[in-house]
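Some notes on the structure that comes next.
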Amino acid sequence: MATGDKFIIPAQAAGFASLFGHIEKGTGDTLHIPEGMLNIGGNGLGFLLDSRANWDPAANSDGSFSSLALGDDIYLYAVRDYSGLAALV
């Protein structure tokens, strides 16, 4: 590398999000979430996202979720965890 060149991990860049697959419906009202990388909050704040099979939105919600239905918009929020992994709510 030349002087001034920087090596970065993609998730360290502000606004980055990448999943290695698609979020899919699991058993009942659960979701299968693939692993990925995302940035929560700005440059240098990249986190890994572990895959989750049968992740339960109801157990991780503010109480507004009742069940999955075709056509529903579901918002997942990633929050910091100091383990280096992102937590989902």
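Laboratory data are not the source of any read-out in this text; all were calculated from the coordinates shown. The structure presented is a predicted model; accordingly, all values stated were derived computationally and were not measured. Cβ coordinates were reconstructed from backbone atoms using ideal geometry, including for glycine residues, and neighbour counts include every protein chain displayed.
Mind grabbing the base-10 log of I(q)/I(0) for region 16-60 at q = 0.25, 0.27 Å⁻¹? Debye formula, identical points on the C-alpha positions, no solvent, two decimal places. After summing over all Cα pairs, the log10 values are -0.85, -0.91.
Basic side chains Lys and Arg get +1 at the Cβ, acidic Asp and Glu get -1 at the Cβ, and with that the dipole of the chain about its Cα centre reaches some 280 debye. Using equal-weight Cα scatterers in the Debye expression, the normalised intensity of the chain in log10 at q = 0.14 Å⁻¹ is -0.56.
Inter-label distance, ASP50 to VAL79: 1.7 nm, where each label sits 7 Å from its Cα along the C-beta direction.
Out of all DSSP beta bridges with both ends in the chain, state the antiparallel percent to the nearest 5.
Restricted to the chain, the bridges split so that about 95 percent are antiparallel.
Measure off 7 Å from each Cα along the Cα-to-Cβ vector at ASP5 and LEU68, then give the distance between these two points in nanometres to one decimal. That separation, rounded to one decimal, is 4.4 nm. For the peptides 28-39, 58-69, 78-89, 43-54, residues were scored by their other Cβ atoms within 10 Å and the scores averaged per peptide; the highest-first order is 28-39, 43-54, 78-89, 58-69.
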